[in-house]
Amino acid sequence: MGSPATGDRILAHGIGGAKDLPIPLELAIAGAVAALVISFTVLAIAWRTPRYDAATSGRPAPEWLDRLTSSTPWRVWWRVFGMAALLYVGWAAVAGKDSLINPFLGVFYVYVWVAIVPLSVFFGPVWKAISPSRTINLLLARASGGDPSTGLYTYPARLGYWPAAVGLFAFVWLELVYPYSTQVGPVRLWCAAYLGIMLIGGALFGDRFFERADPFEVYSSLAAKLSIWGHRDGRLLVRSPLANLDSLVAAPGLVGVVSVLFGSTAFDSFKDSTPWVKFIQSTDLSVDLLDNLALLGFCVGVGLVLAAGTMATGVGEGVDRRTLPDVFAHSVVPIIVGYIVAHYLTYLVEYGQTTLTQLSDPMSRGDNLLGTADLTVNYWLSYHPTFLARLKVVAVVVGHVLGVIAAHDRAIRLLPAKHQLTGQLPLLFAMVGFTAGGLYLLFAA
């Protein structure tokens, strides 16, 4: 997480470094790369026809569950929960003390940014269900007699996910680079700007704007593609996570979204690594400037590597190479989730518990409004660094293997027969580089 200029690290992740790794780092990287290569080889031999099809995959969920999740009371309940949470946390943000124990900071950085990923993987697109922006837009549209789903204009298809990519970069910049990211005032201003933009966009373009431009909804919905829950023709489905992932519709800017998510997580590790710390201590250049350039470089670099790995392949007639990065961007989603687990798990578990206790005392005056103020934080993960280190490696490797499978299935569907295997090699090389570099950064911090 970001830290103020004073170097206060109270919001740090609590992730162990290379000293926690029970095996040599070089061996971990070699094993991870071998897992990718072996996975690709097995797929090339045994997986020669596409197996995932969004139009046919999955089976209907139990009828009672479908009725429940599609019912008005169920949807209203989560809308009310989202609005109540906004008002409660907003109260802490506006009237609470500007200190690190204000729960507004924990909710913003821990629950909204980190917890939303496992919640979406387990339960589907959580942010879409509780989004205060959608709820306010709905209420305003109903009050004015409009239709919240359509808005005044049609959302431009050429924009795609690019607004969400910009919004996500604005968040990670605030989190990782801005020197006052743990002060309530700047974070409150960021949230106010976000809410204002979402309401204006929703009024102009309807629900389509939230699906493509809301950074938190896009983030949550991408993670939800690895859940077992899907929809088709308004019916709740149960299907494998990879089949669900295949249903992600490619659109302009999708590669930008995954590049920001992956690149920013890598930068978060890199900025605490020994080489980077030594460099910024030995130079006369502004640390803030260097951090800004490094964050941008990581995000752009991931995008360029992914673009090169997907465009350097043989294609059939009528296929525009420029569309391939977005078409294959879905294969990076498991990698992102794997890195989030590896990088943020301790932070989520431990600081998440701290935030829960702080929520009972939003004004920092000794209240216990929710009955959680006396809970004790469990530091079990920090006390078991060997388990944590192994979990890191497993999360990263599993994420990359799933990414290879997703990319392979799409490649054999889209690429001409003579390029179905050789055409995947550039993307495989890119993923090998992501794996080796990601593991190095995780354990170099």
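The values are calculated or read from the model by the stated rules, or taken from the named source; none is laboratory data. Just so we're clear, the structure is a prediction, and the values are computed from it rather than from any experiment. Ideal geometry is used to build each Cβ from the backbone, glycine not excepted, and the neighbour counts take in all protein chains shown. Ligands, DNA and RNA are stripped out before the accessible areas are found, and what is left, the full protein with its side chains, is counted by its heavy atoms. Shrake-Rupley method; radii C 1.70, N 1.55, O 1.52, S 1.80 Å.
Details
- Centre separation in Å (Cα based) which lies between the range 64-96 and the range 26-43: 43 Å
- Evaluated with a Cβ-only charge set (Lys, Arg +1; Asp, Glu -1), the range 35-108 carries a dipole of roughly 120 debye about its Cα centre, given to the nearest 20.
- Charging the Cβ of each Asp and Glu at -1 and of each Lys and Arg at +1, and nothing else, the dipole of the chain about its Cα centre rounds to 940 debye.
- Cross-link table 128/392; 278/392; 97/271; 128/418, entries beyond 31 Å C-alpha to C-alpha: 128/418
- Trypsin sites (Lys or Arg not before Pro) within the range 360-418: DSSP coil, no more than 14 neighbouring Cβ in 10 Å: 365
- Mean separation of Cα contacts under 8 Å, 6 or more apart, over the residue count of the chain: relative contact order %: 28 percent
- Projecting the Cα positions of 381, 234, 281 onto the charge dipole of the range 25-444 (unit charges on Cβ atoms of Lys, Arg, Asp and Glu, taken about the Cα centre) puts 234 furthest along the positive direction.
- Sequence ranges 174-184, 213-223, ranked by mean other-Cβ count within 10 angstrom, highest first: 213-223, 174-184
- Amide H within-cut-off set for residue 226, under 5 Å, with H built and near neighbours excluded: none
- Centroid-to-centroid, using Cα positions, the range 241-269 and the range 166-203 are 20 Å apart.
- Applying a DSSP loop filter and a limit of 16 other Cβ atoms within 10 Å to the trypsin sites (Lys or Arg not before Pro) in the range 92-160 leaves 97.
- When the solvent-accessible area of the range 197-237 is split by element, carbon and sulfur atoms take up 62 percent of it, the probe being 1.4 Å.
- Anisotropy class of the range 196-235 from Cα gyration tensor, a/c 1.5 cut: oblate
- Of the whole protein surface, residue 162 contributes about 120 Å² of accessible area at a 1.4 Å probe radius.
- Converting phi to 3J(HN,Hα) with the Karplus coefficients 6.51, -1.76 and 1.60 and the offset θ = phi - 60°, the range 86-98 yields 4, 5, 5, 6, x, 4, 5, 5, 8, 9, x, 6, 7 Hz in sequence order, with x at every glycine or proline.
- Anisotropy class of the range 178-331 from Cα gyration tensor, a/c 1.5 cut: oblate
- In the set (i) 135; (ii) 257; (iii) 159, the label that goes with volume of the Cα convex hull per residue in Å³ computed for this structure is (iii).
- Using θ = phi - 60° and Karplus 6.51 cos²θ - 1.76 cosθ + 1.60, couplings along the range 140-149 (whole Hz; Gly, Pro as x): 5, 5, 5, 5, 9, x, x, 10, x, 7
- Solvent-accessible area per residue for the range 25-444 (1.4 angstrom probe, square angstrom): 45 Å²
- The sum of -39500 (n - 2.57) across all DSSP H runs of n ≥ 4, divided by the residue count of the chain, sets its helix-only mean residue ellipticity at 222 nm to -19500 deg cm²/dmol.
- Highest to lowest packing among 379-385, 350-356, 266-272, 251-257, scored as the average C-beta count within 10 Å: 251-257, 266-272, 350-356, 379-385
- Cut-off under 5 Å, modelled amide H: who pairs with residue 273 long-range: none
- For residue 231, nonlocal amide neighbours, meaning residues 5 or more places apart or on other chains whose placed amide H falls under 5 Å from its own, are 237.
- Seen through its C-alpha gyration tensor, with square-root eigenvalues sorted a ≥ b ≥ c, the range 90-142 comes out oblate because a/c lies at 1.5 or above while a/b is not bigger than b/c.
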